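Any read-out appearing in this document is the output of simple, stated calculations on the displayed coordinates, not a laboratory observation. Just so we're clear, the structure is a prediction, and the values are computed from it rather than from any experiment. FYI the Cβ positions are ideal-geometry reconstructions off the backbone, even for glycines, and counts take in every protein chain you see.
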Amino acid sequence: METNENIARFDGDVMAALAGCVIDNRDIMRDFNRNSYLSSFKEYREKYKPLFAALEELYAADGETVKSNAVSAFMGGVAEHVAASSKPTSALDQLRFVIALYFVPMVRSLKLNVSEPFCLALRDEWAKTYPKFEFKVGDYETIVEGFNKKFLGLCFITTAVCEHSGKPDDCYELTAFRAFRDGYLASSEGGTALIDEYYEIAPAIVTCIDLFAEKDAVYPMLREKYLSPCLDDIENGRLEACKNRYIDMVHTLRHRYLGQ
């Protein structure tokens, strides 16, 4: 029979390891793209599955207390990491990405009794502690579905912006951008490579915007700063200017959300 001391040590070891699921994987966002996410998520899930099996064992004995202690331990580990960082804001943003795109989807995919209560409580505590860095509770299947959507290259972000505005798939803007993509861009120097590049990264960018509850601010900004001027360029025959403007938009978003 285990002694109370052994049980407490087991409990402490599990709690102490939780924040490491995120802090120790800060570079994993380099794999957040159409080609690498499935394999990197599977590897991440297998790595931490035993930890959450142990947490499930604790949860079965005293659910509410274990959930509360787990969230507190996770948040404490994050606070220590951020306090030690020379750039706390960047550190928080980096951790939020891993939490929303790997950690929470991983915990939910395990479908343990502790999974949903822990993830929801963590979301709420995080939002209360770091209100400028909120995230939505996402799931692996929805993220993968986003990568599998058939919006090609240049039009993926434009489609997301139009959908947010309530515009149909055959609206004037999307029709104009698709014609630009399939005509001028595809035949221009380096155009095919750009379309292929955006096909890989644009779904990841859109997923980030949606999961970080930023679309109500970001999509209108993208329309005003980039897409409306691009459309004006197309209408007035400034096709190279449109190409350069769109490249600037995607590179800006790639750096902001994918750290590339």
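Summary table
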| quantity | calculated |
| --- | --- |
| Relative exposure of GLU163, GLU145, judged by other C-beta atoms within 10 Å (fewest first) | GLU145, GLU163 |
| Listed values (1) 28, 23, 22; (2) 38, 21, 15; (3) 42, 17, 15, entry calculated as semi-axes √(5λ) of the Cα gyration tensor in Å | (3) |
| Cβ-derived FRET efficiency at R0 22 Å, ASN244 paired with ALA179, nearest 0.05 | 0.75 |
| Pairs of alpha carbons in the stretch 136-260 whose separation is greater than 20 Å (percent) | 40 percent |
| Burial ordering of GLU235, GLU125, GLU189, fewest other beta-carbon atoms within 10 Å first | GLU189, GLU235, GLU125 |
